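Chemist: Below is one structure. I have some questions about it.
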Amino acid sequence: MKMFAVFTVCLSVVVLASAQADQKLKNCNEVRTAYSSKGFNVNDVPNKGVHGDHLKVCPQGFSCCTLEMEEKLSQQSRTDLKAPVHQLSSNLQNTFTQRHRHFDQFFRELLNNAEKSLNDMFVRTYGLMYVKNAELFEQFFRDLRRYYSHGSSAVNLDDMLAEFWTELLERMFRLVNVQYEFGDSYMECVSRHMEQLKPFGDVPRKLRLQLTRSFIAVRTFTRGLALMPEVVGKVSTVSASPSCVRAAMKMYYCPYCTGQVALKPCKNYCLNVMRGCLANQADLDTEWNNFLDAMLGLAERLEGPFNFESVMDPIDVKISDAIMNMQENSMQVSQKVFQGCGQPKPNMAFRTRRSPKDSGFPGRFRPYSPDARPTTAAGTSLDRLLTDVKKKLKHAKKFWSTLPDTVCVGDRIANGDECWNGTAKSRYESVVMGNGLANQVSNPDVEVDITKPDMVIRRQIAVLKEMTSWLKAAYTGTDISFVNEDAGSGEESGSGCDSPSCDSDGDIYFSTPAPVTPRILRDMNNQPSSGTRLTPCSLALAVAALLLALLTLHTR
């Protein structure tokens, strides 16, 4: 009797639960409310459950969905699938768009401040002599800006700096020797002796090292910051495949059809759907992380030996020291030039007898004091900018491989067993797939063709790989031309050296390229030209051919 009573109670509970579920299907009011909240016509929803044989995605029992509703909810699924990915990607894009803008503004303002500081101080120190030669320094800063904007395809830093010091030497040599006349050929001789004379001391060599490697690092780092939003933008706009939209529809909206509008998908179910849908994006992760590591490495260089700010702030002092070195040693420099290039002709227009010191640059630049450092550019400092951007770069690592885990959180999923598993409200039993295209071969919830990788994403993988190589080169002080910018030649600027024949510059971060021997065309009577030289064998063959031609004509 007791057993019969227990059986009766259990049966009553089952019948009651079944009746409640049937009641929900008979009454689709909750579905009508949820469906209309998505912006759809409430009249699409039947008043009570209908047989679902017509449905293509959701379970085909009694349902609150029609085929038209399923199609509309499929389109909504595409939007719902894209929304969290778009939001996360947009946040990442905005973060690095802002950082790129801050860095770019800082570097440009630092250049402007350095030029203004040099101009103001040189006007006070050297007066009219500087004003008359100011265009040389203006061109110097114009070339630095052009390199920063366009790279080695526009300006070769080594050549530009060499030309600057050569031109400065020629102008100063005339100023300290105004009692003589110098023609172009004489000044060319002066320039050829520059390396032996070292009229500016060691300043040109040191400044070349500092400027070259810091500008290469700055330009490459800024380009890397600009590339990140571009890559994120292109990758995040990759459209979902039909099988992915179908899986999203089944996960998000098939509970509607069963009358369970508040039911959320199981976490592992959501992970499998998202890992299948974002399989191509996850394959970007390896090169993305390599790129971020290279950016972080270059950031450390910018904090230390390649610090752009510490090079540009006192550049006026460094150039002034070089000028003063030339002025103080002008007598010795002039004598060595006269010995090597010959005694120049006296300047007949020179009426007043003046000493070389009086005729040259009149003043000495005041000693540089760190307390007199100009206001930092863009209201900040390089150290502050780098500290901030390094945190953001570290945070961006593994962004693509963790995207499914970032999406399948919070109110988008239900923890525990009271969740939607794709067919009913129950535990999700399938194994969670790994990240990446190759791991989706057995994905139970999304059909993924692992033989057809997305070409947009593959292209971005190649772009990141190339940029990483530029960053690694910049880490060693070497400039690799940006071949896709300004129709660059693809040649290196000469700031680095891969050849074992290159001489060491005594600096562990920088190497100097081997000197290029100029090609000289000589008189043909003395030396062969750069053209093809005939060997004795070739000459004999030519004579034989001529004789053969003459014999042929004779026989005719």
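Chemist: Given the condition under 23 Å from the mean Cα position of the chain (by Cα), at pLDDT 90 or above, buried (at least 19 other Cβ atoms within 10 Å of the Cβ) and over 30 Å from Trp288 (Cβ atoms), answer yes or no: does some residue in the stretch 124-137 qualify?
Modeler: No, that holds for no residue.
Chemist: Hey, which of the helices (runs of 4 or more DSSP H) in the stretch 181-263, taking only ones fully inside, have at least 2 residues that are surrounded by fewer than 18 Cβ atoms within 10 Å (Cβ to Cβ)? Walk me through how you get there before you give the answer.
Modeler: Numbers: elements: 184-192, 194-197, 203-236, 242-252, 254-257.
Answer list for the stretch 181-263: 184-192, 194-197, 203-236, 242-252.
Chemist: So which of Phe140, Phe106, Phe173 is part of a helix (DSSP H, G or I), free of Cβ contacts under 8 Å to residues at least 40 places away in the same chain and touching a helix residue (DSSP H, G or I) at 6+ places or on another chain (Cβ under 8 Å)?
Modeler: Within the list Phe140, Phe106, Phe173, the selection yields Phe140.
Chemist: Can you confirm whether the stretch 270-278 contains a residue that is in contact with an Asp or Glu (Cβ under 8 Å, 6 or more places away or on another chain), open to solvent by 40 Å² or more (accessible area, probe 1.4 Å) and either assigned to a helix (DSSP H, G or I) or within 30 Å of Gly201 (Cα to Cα) (or both)? Break it down into steps so the answer makes sense when it comes.
Modeler: Narrowing the stretch 270-278 to residues in contact with an Asp or Glu (Cβ under 8 Å, 6 or more places away or on another chain): 271-273, 276.
So of that shortlist, the ones also open to solvent by 40 Å² or more (accessible area, probe 1.4 Å) come out as none.
Checked against the condition, which is being in contact with an Asp or Glu (Cβ under 8 Å, 6 or more places away or on another chain), open to solvent by 40 Å² or more (accessible area, probe 1.4 Å) and either assigned to a helix (DSSP H, G or I) or within 30 Å of Gly201 (Cα to Cα) (or both), the stretch 270-278 yields no hits at all.
Chemist: While we're on this one: Can you name the residue in the stretch 287-303 that is open to solvent by 10 Å² or more (accessible area, probe 1.4 Å) and hydrophobic (A, V, I, L, M, F, W, C) and is also nearest to Glu466 (Cα to Cα) among such residues? Working first, answer last.
Modeler: As a first pass, look at the stretch 287-303 and keep what is open to solvent by 10 Å² or more (accessible area, probe 1.4 Å): 287, 289-290, 293-294, 296-297, 300-301, 303.
Remaining after also requiring hydrophobic (A, V, I, L, M, F, W, C): 294, 296.
On the way: Ala294: 12, Leu296: 16 Å.
Step by step, filter the stretch 287-303, then rank; the result is Ala294.
Chemist: Further question: Working only within the stretch 49-68, note down all residues that are surrounded by 16 or more Cβ atoms within 10 Å (Cβ to Cβ) and either among the polar types (S, T, N, Q) or part of a loop (DSSP other than H, G, I, E, B) (or both).
Modeler: Gly49, Gly52, Leu55, Val57, Cys58, Pro59, Ser63, Cys64, Cys65, Thr66, listed by residue number.
Chemist: Mind listing just one residue for me: the one in the stretch 423-446 that is among the aliphatic types (A, V, I, L, M) and out of contact with any helix residue (DSSP H, G or I) (no Cβ under 7 Å at 6 or more places or on another chain) and, of those, least open to solvent (accessible area, probe 1.4 Å)? If you could, list the steps in order and put the result at the bottom.
Modeler: Going residue by residue through the stretch 423-446, those that are among the aliphatic types (A, V, I, L, M) are 424, 431-433, 437-438, 441, 446.
With the extra rule that they be out of contact with any helix residue (DSSP H, G or I) (no Cβ under 7 Å at 6 or more places or on another chain), the set shrinks to 424, 431, 438, 441.
Values: Ala424: 43, Val431: 107, Ala438: 78, Val441: 103 Å².
Only one residue fits best here, namely Ala424.
Chemist: Same structure, new question: In the stretch 156-165, is there at least one residue being touching a residue at least 12 places away in the same chain (Cβ under 8 Å), open to solvent by 40 Å² or more (accessible area, probe 1.4 Å), closer than 30 Å to Phe221 by Cβ and not in a helix (DSSP H, G or I)?
Modeler: So far as the stretch 156-165 goes, yes, one or more of its residues are touching a residue at least 12 places away in the same chain (Cβ under 8 Å), open to solvent by 40 Å² or more (accessible area, probe 1.4 Å), closer than 30 Å to Phe221 by Cβ and not in a helix (DSSP H, G or I).
Chemist: While we're here: Among the listed residues Asp120, Asp44, identify the single one that is free of Cβ contacts under 8 Å to residues at least 40 places away in the same chain and surrounded by 13 or more Cβ atoms within 10 Å (Cβ to Cβ). Quick ask: steps written out before the conclusion?
Modeler: Details: Asp120 fails: surrounded by 13 or more Cβ atoms within 10 Å (Cβ to Cβ).
None of the other options fit; the residue is Asp44.
The values are calculated or read from the model by the stated rules, or taken from the named source; none is laboratory data. What you see is a predicted model, and the numbers here were worked out from it, not measured in a lab. Glycine gets a Cβ as well: all are built from the backbone with ideal geometry, and neighbour counts include every protein chain shown. Protein only, heavy atoms only, side chains kept; ligands, DNA and RNA dropped before computing areas. Shrake-Rupley method; radii C 1.70, N 1.55, O 1.52, S 1.80 Å.
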